[in-house]
Structure formats: structure tokens, C-alpha cells
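Here the structure is laid out as C-alpha cells; the discussion comes afterwards.
Read-outs: derived from the displayed coordinates by stated rules, not from any lab. Keep in mind it's a predicted model, so treat the numbers as computed, not measured. Virtual Cβ from ideal backbone geometry, glycine too; neighbours counted across all protein chains shown.
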């Protein structure tokens, strides 16, 4: 293949999985302060299929579009002014979010300081599972909620990509972690640090969890009104971080009536945080779960699997040489 083109999966219109199409597109070149990264693996996230459907971050994109924000690979070339990386460095990152990063492709370019060196203990597949999910969890637990030792943290959808990191980060900071998931995930979540587990298929978590300091809701106020129900589990003055769906006027009013705080959340690129997360992974403090991998050209199948729900950890696309 010519050095001027690369393999990618693109969409020319929003819609179902069938709009994801393998194609050859122009290979990018790094601008000053940017690096060109040869992608070895790309993580798949709910925001990917929501954007493909015309939701998620679709309003910020232009078509044709290459999805994907989770990347692990090797620096191929550096632009003028780059001082932190050089060709051959193994890196991982969540560049450009929420602008398009073009992760479902053989090469991506992005500012050097939006990357971090890949955890040495991980292969590229597992490293690609980290950035978006782990940064979301880290920025919620550390920056937004400022979780402290001895506090209690309830994580909904704890077995998913963001959830399994949130459990581990909260535990790392000394919190008492309560996790909701189906019963088959409970033993694994306890290995990750959850001290209590609740089977959401048989028990309403707000009926058994009370006076919680922080709720990290990764489900939202969809069919089961999980965010609104979370208010009942919080202590007065506690904090609900509502991730999918954000904070509706109705949820804000209910939180005010309940005497608790509620905030929306959106992750942002954060190279320094990824460096810290890499050290926790390499130190054995944090584990990374990948449930299934798919070749790049099978991105549609990965979306089908992800949209079905019940994923343990992450799904990852592999980009062969």
C-alpha cells in the first residue's frame, strides 16, 4: 500500500452498523507539535455507536467520519516542536475528544502532549482498552468527586469499561466501593476492590444502599430512571455524577429537593493522567479487562456486540501490519 493512503473504517451517513465501511483514505501528516502514530489497536466505546447513530458526539462531527478515540500504537513521525516523544515510542491516548480522532484507522495524528507512554506491562490490545474509559473514571473519581479515604462510592454498571476502572480507582483512594452488576460479575468485581455488590436484576440498589457519599451513575435516566433513583441512595449533601444523559431539569429539581448535588460529566484528553494511570497498571494496582477483539474491518460486528450490552470490560479493534 502506498505511504500516501491507509486502511480505515468510515461512515458517510449516520445510521445502523451497516454504515461502517472499510476504505482506503489519505494518510495524515503531523503538524507542528503533533505526532503521527501507527495504530496497533483501537478501543470501542458506547460513544462510538451512539455517534454512529447520529447521537453522542455526532453534532460536533462532519461527514465522512472515521470513529474511534482510544488508540495504542507506535510513534512513526514527529512534527516540529515535539520534545516529549520520538519515533519508536510506544504510546496510548484519547486524542482530540470530542472532536474526531480517527481511531479506526492505521494512522492518526494528534498533539504530542495528548499522548502518554503505553503501560509497559500491557500489549497494545489491552492498552487500547484504557484511555477513554479510564480517563472518564479517573476524572470523575479524582477531579470531579475528589473521593477521600473512608468515603462510600456507589458505581452503577460497574462491570463495564468505565465502571471497572471506577471501582479500582475509588478503591485505590481508600473508598468503600459498592458496585451494581449482574450476579455473574460479582466475584470479579470483588477481586477488583468492590466491598459490596448488588444484583440489579433482582434488587433495587436504592433499597439497600443508603447514606452514600458519591454515586457514579453510568446508566442514566433511560428506561429504569437510574440517575433519579440514585438520589435516594445518597446522604444529604452527597454527590451524583450523571454520565450518560447528563442532568435534565427534572433531575436537577429532584436533587435540590433531596438536598444532594448532581453534576454532568464529559471526559477530556489528559496525557499526564494517562501517565499516572500507566504507573498504577504497571504497579499491579489496576487491571484492564478486554472481553473480545475484532479485526478493523469487522468494526460493525464490534458495534453489534457492544450495543447488545452486558460487556465485561472493553471491546477492541486490532489493526494488523
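How high is the relative contact order of the stretch 133-264, in percent, counting Cα pairs under 8 Å that sit 6 or more residues apart?
20 percent.
Quick one: Cα centre-to-centre distance for the stretch 259-284 and the stretch 14-72, in angstrom?
22
From largest to smallest, what semi-axes in whole angstrom does the stretch 133-264 give when each is the square root of 5 times an eigenvalue of its alpha carbon gyration tensor?
Ellipsoid semi-axes (Å, largest first): 20, 16, 14.
Run lengths n ≥ 4 of DSSP H only: what is the helix-derived mean residue ellipticity at 222 nm for the chain, with -39500 (n - 2.57) per run over all residues, to the nearest 500?
-6500 deg cm²/dmol
Restricting to the chain, compute how many DSSP beta bridges are antiparallel as a %, nearest 5. Kindly include the intermediate steps, with their values, before the conclusion.
Values: 32 of 58 bridges.
For the chain, the DSSP antiparallel bridge percentage is about 55.
From Cα pairs below 8 angstrom and at least 6 apart in sequence, can you work out the relative contact order of the chain, rounded to a whole percent?
Over the chain, the number comes to 19 percent.
Sticking with the crude label model, points 7 Å out along Cα→Cβ, report the distance from residue 297 to residue 268 in nm, one decimal please.
4.0
Could you check which residue among 32, 131, 111 shows the biggest mean-square fluctuation in a GNM of the chain with a 10 Å Cα cutoff?
32
On full extension of the chain, what length is gained from residue 203 through residue 99, given 0.36 nm per residue of separation minus the C-alpha to C-alpha distance?
Gain on extension, residue 203 to residue 99, equals 33.6 nm.
For the chain, take the longest principal axis of its alpha carbons; what is the angle in degrees between that and the long axis of helix 271-282, to the nearest 10 within 0 to 90?
80
What's the angle, to the nearest 10 degrees (0 to 90), between helix 249-258's Cα axis and the longest principal axis of the chain?
40
Between residue 58 and residue 225, what FRET efficiency comes out of the Förster formula 1/(1 + (r/R0)^6) with R0 = 22 Å and r the beta carbon distance, rounded to 0.05?
In this case the efficiency is close to 0.35.
Taking the Cα-to-Cβ direction at residue 86 and at residue 18 and moving 7 Å from each Cα, how far apart do the two end points lie in nm?
The modelled label-to-label distance comes out at 5.1 nm.
Full extension from residue 50 to residue 143: what is 0.36 nm times the residue separation minus their Cα-Cα distance, to one decimal in nm?
30.9 nm
Put one equal scatterer on each alpha carbon of the chain, apply the Debye formula with no solvent term, and list log10 I(q)/I(0) at q = 0.08, 0.09, 0.14 1/Å to two decimals.
-0.35, -0.45, -1.05
Could you tell me the distance between the Cα centroids of the stretch 289-316 and the stretch 175-236, to the nearest Å?
First find each Cα centre; the distance between them is then 24 Å.
Say a paramagnetic label sat at a point 7 Å from the Cα of residue 261, along Cα to Cβ; which residues of the stretch 133-147 have their backbone N under 15 Å from it?
Hits in the stretch 133-147 for residue 261 at 15 Å: 140-147.
What residue among 201, 275, 33 shows peak mean-square fluctuation when the chain is described by a Gaussian network model with Cα springs under 10 Å?
Among 201, 275, 33, the largest GNM mean-square fluctuation belongs to 201.
As an exercise, use a Förster radius of 25 Å and the Cβ-Cβ distance of residue 235 and residue 172 to find the FRET efficiency, rounded to the nearest 0.05.
Values: r = 22 Å, r/R0 = 0.89.
Result of the calculation: an efficiency of 0.65.
I need the calculated FRET efficiency for the pair residue 250 and residue 210, taking r as the beta carbon distance and R₀ as 22 Å, to the nearest 0.05.
0.45
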